[in-house]
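Student: I have a structure I would like to understand better, so I am pasting it below and will then ask my questions one at a time.
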Amino acid sequence: MMNLAELKADRKLVNEIDWHMTPEKAVTMFLEWGTGWYDYKDYNFINSHNDEKIYFVLFDWEEPPQATLIDRTTKGAEEVAKVTVPKDLFFEACEEDGYRTGVGVHPLNKSLKEWMRKEIDGPPLDFSYGN
């Protein structure tokens with residue numbers, strides 16, 4: 001599992017991060033049962049078994065608060081890196097997403113994406129790939 005310094009050094013991986021991907025979108029894209037929460041005409045599904053998405057998620061049970069970089073394929077999801085994040089930004093993102101019984105996985109909000117992008121010297125969010 002990579003840490004912040006290792007992630008920052010892997011420029012190819014940093015440039016592949018889909019800053020617009022969320023845990024719900026990933027399930028809809030990669031798992032046939034999906035969530036059905038998205039308007040299908042506005043979202044692309046995978047085209048082959050070679051498709052992959054790299055994105056961050058928050059697990060609200062972790063201490064210290066961290067953002068986890070996920071590599072999702074049709075075969076499953078692999079945790080690639082963990083980056084400790086500021087508590088206030090972590091809890092703001094979780095609160096903004098909302099807490100649901102039995103669900104402890106959240107997307108990064110805009111503030112946390114900007115913080116993370118600066119930490120890893122990622123491309124501007126407006127130029128990142130994704131929907």
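Student: Check off (1) free of Cβ contacts under 8 Å to residues at least 60 places away in the same chain; (2) over 25 Å from LEU31 (Cβ atoms); (3) in a loop (DSSP other than H, G, I, E, B); (4) of a type outside the set (Ser, Thr, Tyr) for TRP61 and give me the number that stays unchecked.
Tutor: (2)
Student: Restricting to the range 85-115, name every residue that is among the aliphatic types (A, V, I, L, M) and either surrounded by 14 or more Cβ atoms within 10 Å (Cβ to Cβ) or touching a Lys or Arg at 6+ places or on another chain (Cβ under 9 Å) (or both).
Tutor: Those that are among the aliphatic types (A, V, I, L, M) and either surrounded by 14 or more Cβ atoms within 10 Å (Cβ to Cβ) or touching a Lys or Arg at 6+ places or on another chain (Cβ under 9 Å) (or both): VAL85, LEU89, ALA93, VAL105, LEU108, LEU112.
Student: Of all residues in the range 67-89, which are modelled with pLDDT of 95 or more, of a type in the set (Lys, Arg) and within 19 Å of ASP10 (Cβ to Cβ)?
Tutor: LYS82
Student: Taking only the range 14-33 into account, find how many residues are in a helix (DSSP H, G or I), within 21 Å of PRO124 (Cα to Cα) and in contact with an Asp or Glu (Cβ under 9 Å, 6 or more places away or on another chain).
Tutor: Number satisfying all stated conditions: 2.
The values are calculated or read from the model by the stated rules, or taken from the named source; none is laboratory data. Computed from a predicted model, the values in this text were never measured in an experiment. Cβ: placed from backbone, ideal geometry, glycine included. Neighbour counts: every protein chain shown.
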